[in-house]
Amino acid sequence: MNIKSILKKALEESFLHLNYSFDDLKLDFSNKDDADFQCNSAFSLAKKQGHSPEIVANSIISNLNQDVADVWFAKPGFINFKIKDDVLSKCLNEAVSDKRLCLETIIDHEKVVMDYGGANVAKELHIGHLRSPIIGEGFARLYKLLGQEVISDTHLGDWGLQMGLTIAQLQDDGYIDGYFDTSKKNKQITLDTLNEEYPKASKRKNDDADFRVKAETYTKLIQEQKEPYWSVYNHIRDISVERIKYNYEKLNCHFDLWYGESTCAKYTDEVVKLFVDKGLTKEYDGALIVDVAKDGENIPIEKKNPDDPQLYKNPMPPVYLKKSNGADVYDTTDIATIYQRNQDFAPNKIMYFVDKRQFLHFERCFRATKMAGISDENQKLEFVGFGTINGTDGKPFKTRSGETIKLEDIINLVTDSATKKLKENGIENNPELALQIGIAAMKFGDLLNAPSKDYIFDIDKFASFEGKTGPYIQYTGARINSLLSKGKVADKTDYFEKLKLINIADENQRNIAINFIKLQESYFACYKENSLSSLCMALYEFASSYAKFYNDTRILSEQDDNKRNSYLALSHFVLKAISQAADVLGFEIPSKM
Ligand code: ARG
């Protein structure tokens, strides 16, 4: 049972009776101490009815079914509700025996492809790759929980210039001689080799034009699946992907598909032809482009001097379908990937969890796919752009020597911090637990912020066992775990779930129940807002309300069996609700910490 829906229904009946429009119906949580919900509809209705808000509010109240809540009027026109304790008990007892804790589902069923992770083959994962898997995985889990069908695809960066660069460098350093001349031998390529060779090549391309052209040619040859480039490419890809999988596993991120930019390769010719046949393409410096600018964009700014480069107001660059050497680029693969996803899954929506600085790339690709009819007008293409992770100095998080931080180093950093905290609590030599806590610290610290916001990576704050942190949530859950095992009820889940033992009897317990209702509602807020921040906040409030109850109540030593059972059943319920939310955020609740 959903208490808010019941109240809303009661209000609707009263409105119907009074001939008031449902458009004016507003029901919100109350921030007053004595009320749980409030309805402010009387203000807007009063204007329409030509009565005072007081008269309107009282007429609503007198037509209201008051079975679930005590209802009263508060000046000048508020209607307040306080849910009856036995109704709260019933709600929780019902929820505890339901697998989804009676969480409703989204009525409009959608099939959604989620594109997140986005690691690049041959390049080492770094801090810029942290937010996409954290946020994307959270949304994949949220959508599934709310009943949507989700297909997650990590969309590896495996079709770009970095591949050609790496192979050209490996060749120059004598690693792949055997691929070109069978009388020669190859040197073993490991992950460390790639971590050295790609950065070397990437630097080199800026001052060595011949090398750059060679890398571009190799990239094209890979895209044409020409040997031996194709075999070397696949070898590098395998080495890289193995490591990427290992790291995503640590982050608790799992993908349905390990596709990449390369997956759509079989469709690129077809896709390019679609644009050409529709007359949407142009040639520009040998490249094939599509103009996607709308009115008011690309307004040339008057040049002060004829040698100045042309600048534009509201610049909207074209989409590149082919480079001048005929190779595919980032635009090509993203557009062809939409085509491939539509062939394979026909999703209602595709969501991208990518650095917000790529907004324009996606905007352009989305426009192009709509123009070509690759994506029909009903299909939603959503870009969820995320901000930068800054250090405590407020600037992008770097190592002390000013280098980009590797993803593995961040995982080690949070794990070390958790290890220290555990030691203070008398728990040593438990690397698995430290990793669990580290991941929770990092994820909660991130998801508490709306994706588009930059935030400061403050490991001491994130890893604290107190405050709005992942470890605090875990700690609350772990305390319940140990309470339940001390109460000798850990194996009596059925007992608590069938006998409906929860009996809400004081203010602390009421607060838990109300915060549970808020927690349930926050899932829908997240769905609407494209941010998991509301869930983090509501989960924190919920956990805090339990902590207050836990501190103020003698649970295990309670002599009255009914009370003791109710306390334990309530605790068991809270653990379930915390676990449900933590699971969406992508971390676990340990049995002790
Ligand atoms: N590999 C890209 C990068 O590192 C992210 C991929 C995002 N997804 C996409 N469909 N383009 O920037």
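Every number here is computed from the coordinates shown, using simple stated rules; none is lab data. Fair warning: this is a prediction, and the values are worked out from it, not measured in the lab. A quick note on method: Cβ atoms are made from the backbone with ideal geometry, for glycine too, and the neighbour counts reach across all protein chains shown.
Rg to Rh for the stretch 172-219: what is it, with Cα atoms only and Rh by Kirkwood?
Taking Rg over the Kirkwood Rh, I get 1.01.
Where does helix 431-447 land angle-wise versus the long Cα axis of the chain, in degrees 0 to 90, nearest 10?
It works out to around 90 degrees.
Taking LYS313 as the anchor, which aspartates and glutamates have their alpha carbon closer than 14 Å to its alpha carbon, excluding any fewer than eight residues away along the same chain?
Reachable aspartates and glutamates: ASP295, GLU297, GLU302.
Taking θ as phi - 60°, what are the ³J(HN,Hα) couplings along the stretch 315-331 by the Karplus curve (6.51, -1.76, 1.60), each to the nearest whole Hz, with x for Gly and Pro?
Karplus-based 3J(HN,Hα) across the stretch 315-331 equals x, 10, x, x, 8, 9, 8, 9, 6, 5, 8, x, 7, 7, 10, 4, 4 Hz.
Counting only C-alpha contacts under 8 Å and six or more residues apart, can you give the relative contact order of the stretch 388-487 as a whole percent?
Relative contact order, the stretch 388-487: 28 percent.
Please give every one of the aspartates and glutamates within straight-line cross-link reach of LYS380, meaning a C-alpha to C-alpha distance under 14 Å, and leave out same-chain neighbours fewer than 8 residues apart.
Partners within reach: ASP108, GLU110, ASP115, GLU363.
For the chain, what's the relative contact order in percent, using C-alpha pairs closer than 8 Å and at least 6 residues apart?
14
Kindly state, as a whole number, the per residue volume in cubic angstrom of the convex hull around the alpha carbon atoms of the stretch 313-411.
194
Per the Kirkwood formula on distinct C-alpha pairs, the Rh of the chain is how many angstrom?
For the chain, inverting the mean 1/r across all distinct Cα pairs yields 27.6 Å.
Beyond 32 Å between alpha-carbons counts as too far, so tell me which of LYS47/LYS528; LYS4/LYS421; LYS461/LYS548; LYS185/LYS322; LYS214/LYS303 fall in that bin.
Where the Cα-Cα span goes over 32 Å, the pairs concerned are LYS4/LYS421; LYS185/LYS322; LYS214/LYS303.
Quick check: residue separation of ASP172 and ARG554 times 0.36 nm, minus the Cα distance between them. What number comes out in nm?
Separation in residues times 0.36 nm, less the Cα-Cα distance, equals 130.3 nm.
Say the cut-off is 23 Å between C-alpha atoms; which of LYS205/LYS395; LYS90/LYS468; LYS123/LYS245 go over it?
Distance filter (> 23 Å) returns LYS205/LYS395; LYS90/LYS468.
Starting from the exponent 0.38 and prefactor 2.2 Å, build the expected Rg for the stretch 31-86 from its residue count and divide its actual Cα Rg by it.
In units of the 2.2 N^0.38 Å rule of thumb, it is 1.13.
Consider a paramagnetic label point 7 Å from the Cα of GLU424 along Cα→Cβ; state which residues of the stretch 569-593 have an amide N under 18 Å from it.
Flagged as within label range: 593.
Give me the extension gain from ALA346 to GLU403: residue separation times 0.36 nm, minus the current Cα-Cα distance, reported in nm with one decimal.
16.3 nm
Show that you can apply the helix-only estimate: for the chain, add -39,500 (n - 2.57) for every DSSP H stretch of four or more residues, divide by all residues, and state [θ] at 222 nm to the nearest 500.
Theoretical 222 nm ellipticity from helices: -16500 deg cm²/dmol.
Please report the relative contact order for the stretch 1-120, taking Cα pairs under 8 Å with a sequence separation of at least 6, and give it as a percent rounded to a whole number.
23
For a 27 Å ceiling on Cα separation, which of these pairs sit above it: LYS250/LYS453; LYS282/LYS304; LYS443/LYS518?
LYS282/LYS304
Which whole-Hz ³J(HN,Hα) couplings does the stretch 197-205 yield from phi under the Karplus relation 6.51 cos²θ - 1.76 cosθ + 1.60, θ = phi - 60°, glycine and proline marked x?
Rounded to whole hertz, the list is 6, 5, x, 4, 5, 5, 5, 4, 4.
Could you work out the Kirkwood radius for the stretch 83-146, taking every pair of different alpha carbons, averaging 1/r and inverting it, reported in Å?
15.2
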